[in-house]
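S.K.: Provided herewith is a single structure, encoded as structure tokens, for subsequent inquiry.
The values are calculated or read from the model by the stated rules, or taken from the named source; none is laboratory data. All figures in this text were calculated on a predicted structure; none of them were measured in a lab. Backbone-built Cβ (ideal geometry, glycine too); neighbour counts: all protein chains shown. These accessible areas exclude ligands, DNA and RNA; they are computed on the full protein's heavy atoms, side chains included. Shrake-Rupley method; radii C 1.70, N 1.55, O 1.52, S 1.80 Å.
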Amino acid sequence: KQEVTQIPAALSVPEGENLVLNCSFTDSAIYNLQWFRQDPGKGLTSLLLIQSSQREQTSGRLNASLDKSSGRSTLYIAASQPGDSATYLCAPPANQAGTALIFGKGTTLSVSS
Amino acid sequence: NAGVTQTPKFQVLKTGQSMTLQCAQDMNHNSMYWYRQDPGMGLRLIYYSASEGTTDKGEVPNGYNVSRLNKREFSLRLESAAPSQTSVYFCASSDMGQGVDEQYFGPGTRLTVT
């Protein structure tokens, strides 16, 4: 059964810092992994989708990497801003045959100005 | 292009009452999902529909039923609501047609059962 762990659970940084959010998963037979952002009381916004054939995917100040062999993914946020404050969720599929996602409990980020 | 829409946004039920949560997507996706989100538990899959005409149980299906009405719509029904079903419910959709299976989520329904 796929299990997802996100470290740290919470993170507070001053504006401008570069930071890394970590995600580990137990079943590495996956074909992609998705990172989401969730603002308080809101729905989930897809940030990045990494295919198993890719090692990295970039969108603006966000860069996500995927290492299937070690069961890890990282989300790198460059030059953090107060608007980046949110909970970030990592979600691989349940297994290679499944399309439903298994979610970590997230990393709650607070960026102060 | 509205993406994934859910109704209602908020609902309060009494124990034993029934209700149906509605979900629709306008992206022509084949697959649709229902998740619930609880504090400290993260998001968990209730039911999913890989394609029109099929539905399958997820991690926490007890107390729920679903209907894939057509390709656009996927509803979640609570037949006899219980306080343990107080949660935020999210609908999502995706499509493997392009070899990519990115999931898109609706805004959620916040349900309280008293």
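S.K.: Beyond 19 Å, what share of the Cα-Cα pairs of chain A remains, rounded to the nearest whole percent?
M.R.: On the way: 2527 of 6328 pairs.
Beyond 19 Å sits 40 percent of the P(r) for chain A.
S.K.: With a 1.4 Å probe and all protein chains kept in place, how much accessible area does A:Asp39 have, in Å² rounded to the nearest 10?
M.R.: Solvent-accessible area, nearest 10 Å²: 50 Å².
S.K.: Mind grabbing the interface size between B and A? I mean buried accessible area, both sides, 1.4 Å probe, in Å² to the nearest hundred.
M.R.: Working: alone 6040 and 5960 Å², together 10460 Å².
The B and A chains share an interface burying roughly 1500 Å².
S.K.: For the pair A:Gln54/B:Thr5, report the inter-label distance in nm, with labels modelled 7 Å from Cα in the Cβ direction.
M.R.: Here the modelled spin labels are 3.0 nm apart.
S.K.: Mean shadow of chain B, computed from the convex hull of its alpha carbons, in nm²?
M.R.: Working: hull surface 27.0 nm².
Result: a mean projected hull area of 6.8 nm².
S.K.: So for chain A, averaging the separation of alpha carbon pairs under 8 Å that are six or more residues apart and normalising by length, what relative contact order in percent results?
M.R.: Result for chain A is 37 percent.
S.K.: Past the 30 Å Cα-Cα mark, which pairs from A:Lys105/B:Lys9; A:Lys68/B:Lys9; B:Lys9/B:Lys71; A:Lys42/B:Lys71; B:Lys14/B:Lys71?
M.R.: A:Lys68/B:Lys9; B:Lys14/B:Lys71
S.K.: For region B:1-90, which whole percent of the accessible surface, found with a 1.4 angstrom probe, sits on carbon and sulfur atoms?
M.R.: Working: 2100 of 4380 Å².
Result for region B:1-90: 48 percent of the exposed heavy-atom area is carbon or sulfur.
S.K.: Same structure, new question: Hey, what's the Kirkwood Rh for the protein assembly as shown if you take every pair of different alpha carbons, in angstrom?
M.R.: When all Cα pairs of the protein assembly as shown are included, the Kirkwood radius is 18.0 Å.
S.K.: Mind checking region B:1-78 for trypsin sites (Lys or Arg not before Pro) that DSSP puts in a loop (not H, G, I, E or B) and that have at most 12 other Cβ atoms within 10 Å? Working shown, then result.
M.R.: Working: sites: B:Lys9, B:Lys14, B:Arg36, B:Arg44, B:Lys57, B:Arg68, B:Lys71, B:Arg72, B:Arg77; in loops: B:Lys9, B:Lys14, B:Lys71, B:Arg72.
Answer by residue number: B:Lys9, B:Lys14.
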